[in-house]
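Chemist: Take a look at the following structure, please.
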Amino acid sequence: MTRIAYLDGAFLPLADARVSALDRGFVFGDGIYEVSAVLDGGLVDNASHLDRLMRSLGEISLALPVTRERLIEIQKELIVRNDLAEGVVYLQVTRGAAEREFGFPKDATPTLFMCTQAKNIAASPSAATGVKVKSVPDLRWQRCDIKSISLLAQVLAKQAASEAGCFEAWMVRDGLVTEGSSSSAFLVLADGTVVTRPNSNAVLPGCTRKALLALAAEGAIRVEERLFTLDEAFTAAEAFMTSASTFLYPIVELDGRPIGTGRPGPVATRLREIYLDFARRDAADPANRP
Ligand code: PMP
């Protein structure tokens with residue numbers, strides 16, 4: 001089946017989607033992206049992702065070239081045109097094509113590109129087995145709260161993890177874990193308390209994290225938002241990661257050392273079930289379906 005993408009007003013085969021070589025996304029990494037999950041053909045927690053998109057765009061003074069309502073229509077049309085049951089809708093906005101000068105161009109039109117990727121999220125084998133993580137230095141800039149398409153540090157982090165046989169990298173700054181290369185990071189203490197770093201400029205405010213913390217509160221699961229060291233992570237009872245494209249994966253090994261029993265823990269397993277339940281309900285809401 002031909003994959004259909006959206007680029008600047010048109011739906012077209014992904015292979016035919018072309019932007020200028022002078023696009024500032026290509027030349028400078030000057031743009032913002034978002035990823036929303038699709039489950040059973042419906043969008044999951046999409047309003048949260050679009051809120052974060054608008055915030056990121058505002059932080060770099062970049063205008064969305066369509067209305068928020070139109071963006072949602074395009075997301076839904078891509079789901080239909082690609083017959084997407086489960087996976088993600090990707091979108092990115094760049095500052096458009098212009099003569100190569102660092103400062104903002106006066107007359108460039110932002111480029112909006114969107115596509116879908118099919119992915120097994122609900123029945124992902126990694127959710128059952130858990131995943132391995134490698135720690136790496138956090139090489140990123142000081143505005144990690146902006147969902148920038150400039151992802152070189154994360155690319156290098158994920159590659160280092162992959163070469164070590166790991167699924168994810170945990171980035172460490174000043175001895176403290178910031179987050180995963182493309183996920184939020186959590187520990188579970190022996191008493192069942194969930195620990196995660198508070199939002200700040202040092203991390204991306206995860207939408208899955210936000211929803212999960214609200215669900216944990218409803219489920220009377222204790223959460224502490226505080227900094228934690230890599231050393232604390234080694235001695236944690238459990239660890240896990242969250243993101244739109246994985247929901248929640250238990251972490252069973254960090255830098256070659258088992259976390260807890262070395263198998264997915266009960267708190268991570270229960271939280272995944274709670275989140276999956278929420279995601280299924282949200283995706284079933286007519287407002288989130290094509
Ligand atoms: N941190 C980083 C650095 C990420 O790239 C992501 C995934 N986009 C996350 C956290 C998780 O965010 P979300 O739950 O909104 O996907």
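Chemist: Two decimals is fine: what's Rg over Rh for the range 166-290, C-alpha atoms, Kirkwood radius as Rh? Please report the intermediate quantities before stating the final value.
Modeler: Details: Rg = 14.3 Å, Rh = 14.8 Å.
Using Cα coordinates only, the ratio equals 0.97.
Chemist: Separate question: Around Leu227, under 14 Å between beta carbons, what's the net of Lys plus Arg minus Asp minus Glu among the other residues? Walk me through the numbers before you get to the answer.
Modeler: Working: positive: Arg173, Arg197, Arg226; negative: Asp138, Asp174, Glu179, Glu224, Glu225, Asp231, Glu232.
Neighbourhood net charge equals -4.
Chemist: Limiting things to C-alpha atoms, what are the Rg and the maximum Cα-Cα separation (Dmax) for the chain, in angstroms?
Modeler: Taking only Cα atoms of the chain, I get Rg and Dmax of 19.2, 58 Å.
Chemist: Between helix 68-81 and the chain, what is the angle of the helix's C-alpha long axis to the longest principal axis, kept within 0 to 90° and rounded to the nearest 10?
Modeler: That helix lies at roughly 80 degrees to the long axis.
Chemist: Ok, one more. So what's the range 113-208 giving for Rg/Rh, alpha carbon basis, Kirkwood Rh from the mean inverse pair distance?
Modeler: Details: Rg = 14.3 Å, Rh = 14.7 Å.
My calculation puts Rg/Rh at 0.97.
Chemist: So, one more: At 222 nm, what helix-only mean residue ellipticity would the chain give, in deg cm²/dmol to the nearest 500, using -39500 (n - 2.57) for each DSSP H run of four or more? Could the numbers behind the result be given before it?
Modeler: Working: 8 runs with 86 residues, N = 290.
Mean residue ellipticity, 222 nm, calculated: -9000 deg cm²/dmol.
Chemist: Please order Thr109, Thr242, Thr116 by the number of other Cβ within 10 Å, starting at the fewest. Present the calculation step by step, with values, prior to reporting the outcome.
Modeler: On the way: Thr109 13, Thr242 27, Thr116 22.
By the 10 Å Cβ count, ascending, the order reads Thr109, Thr116, Thr242.
Chemist: Follow-up. Using θ = phi - 60° and the Karplus relation 6.51 cos²θ - 1.76 cosθ + 1.60, list the HN-Hα couplings for the range 242-248 in order, rounded to whole Hz, with x at every Gly or Pro.
Modeler: With coefficients 6.51, -1.76 and 1.60, one gets 10, 6, 4, 8, 10, 6, 9 Hz.
Chemist: Quick one: Met241, Met54, fewest Cβ neighbours within 10 Å first, how do they rank? If you can, show how the numbers build up before the last one.
Modeler: On the way: Met241 28, Met54 15.
In order of increasing Cβ crowding within 10 Å: Met54, Met241.
Chemist: In addition: In angstroms, what radius of gyration and Dmax does the range 120-165 have, counting Cα atoms only?
Modeler: In Å, with Rg to one decimal and Dmax whole: 13.5, 36.
Chemist: The range 236-258 to the range 9-79: how many Å between their Cα centroids?
Modeler: Centre-to-centre distance over Cα atoms comes out at 28 Å.
Chemist: Take Ser182, Ser243, Ser150 and order them by how many other Cβ atoms sit within 10 Å, fewest up front. Show your work: numbers first, answer last.
Modeler: Working: Ser182 20, Ser243 23, Ser150 15.
In increasing order of surrounding Cβ atoms, one gets Ser150, Ser182, Ser243.
Chemist: Can you give the log10 of the normalised intensity I(q)/I(0) at q = 0.12, 0.16, 0.26, 0.30 Å⁻¹, computed with Debye over equal Cα scatterers of the range 44-103?
Modeler: Log10 I(q)/I(0), no solvent term: -0.37, -0.62, -1.20, -1.40.
Chemist: Then there is this: Please list, short to long, the whole-number percent of alpha-carbon pairs of the range 1-112 in consecutive 5 angstrom bins beginning at zero.
Modeler: 2, 11, 22, 22, 20, 13, 7, 2, 1
Chemist: Can you give the local net charge around Phe113? Use residues other than it whose beta-carbon is closer than 14 angstrom to its beta-carbon, Lys and Arg +1, Asp and Glu -1. All intermediate terms of the calculation are to be shown ahead of the outcome.
Modeler: Details: positive: Arg3, Arg18, Arg24, Arg95; negative: Asp8, Asp16, Asp23, Asp30, Glu34.
Spelling it out: positives minus negatives among the neighbours equals -1.
Chemist: Please determine, in degrees from 0 to 90 and to the nearest 10, the orientation of helix 152-163 with respect to the longest principal axis defined by the Cα atoms of the chain, where the helix direction is its Cα long axis.
Modeler: 50 degrees
Chemist: Wrap a convex hull around the Cα atoms of the range 202-257, take a quarter of its surface area, and give that in square nanometres. The partial results should precede the final answer.
Modeler: Numbers: hull surface 18.5 nm².
The orientation-averaged projected area of the Cα hull of the range 202-257 comes to 4.6 nm².
Chemist: For the range 67-137, what ratio Rg/Rh do Cα atoms give with a Kirkwood hydrodynamic radius?
Modeler: Values: Rg = 18.2 Å, Rh = 15.7 Å.
Computed over Cα atoms, the ratio is 1.16.
Chemist: For Arg173, enumerate residues with amide H under 5 Å from its amide H, sequence gap 5+ or separate chain, H modeled in the peptide plane.
Modeler: Under 5 Å from the amide H of Arg173 lie the amide H atoms of Asp138, Thr178, each far enough along the sequence or on another chain.
Chemist: Also, I was wondering about something else. Once both axes come from the Cα atoms, what is the angle between helix 207-218 and the longest principal axis of the chain, in degrees from 0 to 90, rounded to 10?
Modeler: 40 degrees
Here, each number is a calculation from the coordinates, and none is a lab measurement. Quantities reported herein were computed from a predicted structural model and do not represent experimental measurements. In this analysis, Cβ positions are derived from the backbone assuming ideal geometry, glycine residues included, and neighbour counts consider all displayed protein chains.
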